[in-house]
Amino acid sequence: MKMSALLVSAIALAFVAAGPAQAGGDAAAGKTLAKKCSTCHGANGEGKKKNPPLAGMEEGAFIQAMADYKSGAKENKSMKRYATKLSDEDVANLAAYYHSLK
Ligand code: HEC
């Protein structure tokens, strides 16, 4: 009994630790990471053709979108490739950077 309760809390903790990124990232670090996004989303996140603009996007929505591409809840081949390579911290930093753009 005790062991299984411990196991459950360990799993719960691991789940929390692996949860989605939090808002409040470092915009300067995000700017460096954003170089590889600019080919599609524009140098200032203004968007390009079928690639949506990211400038001014709400951080929570940005983080959620990235988590959805990563998990496959939102399907997009190019975005999945990028999202899976980014850590939660990277995503938070990118969210802060794009949110700071107009
Ligand atoms: C090869 C082109 C390409 C690259 C490179 C790219 N994206 Fe995207 N991105 C897209 C497309 C296309 C969509 C729209 C997909 C859809 O319809 O869901 C998108 C959607 C998004 C969205 C959701 C926007 C919304 O309004 O819901 C976010 C956030 C995003 N990209 C962030 C990034 C970040 C951060 C990077 C760099 C690490 C990046 N993208 C690199 C093509 C790209």
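Okay, here's what the table says:
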| quantity | calculated |
| --- | --- |
| Phi to ³J(HN,Hα) by Karplus 6.51 cos²θ - 1.76 cosθ + 1.60 over the range 25-34, Hz, x for Gly, Pro | x, 9, 5, 5, 5, x, 4, 5, 5, 5 |
| Label-point separation in nm, Glu75 to Cys40, each point 7 Å along Cα→Cβ | 1.6 |
| Long-range amide H partners of Lys74 with built H, under 5 Å | Tyr69 |
| Net length gained if the chain between Lys50 and Ser87 were fully extended (0.36 nm per residue, minus Cα distance) | 10.8 nm |
| Mean separation of Cα contacts under 8 Å (6+ apart) over length of the range 21-100, as relative contact order % | 51 |
| Protection-proxy order for peptides 71-81, 87-97, 41-51, each taking the mean of Cβ atoms within 10 Å per residue, highest first | 87-97, 41-51, 71-81 |
| Phi to ³J(HN,Hα) by Karplus 6.51 cos²θ - 1.76 cosθ + 1.60 over the range 85-102, Hz, x for Gly, Pro | 8, 9, 7, 4, 5, 4, 4, 5, 5, 5, 4, 5, 5, 5, 5, 6, 7, 9 |
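Throughout, read-outs are computed from the coordinates displayed, never taken from laboratory work. As the structure is a computational prediction, the values presented were derived from the model and not from experiment. Methodologically, a virtual Cβ is constructed for each residue, glycine included, from the backbone with ideal geometry; neighbour enumeration extends over all protein chains shown.
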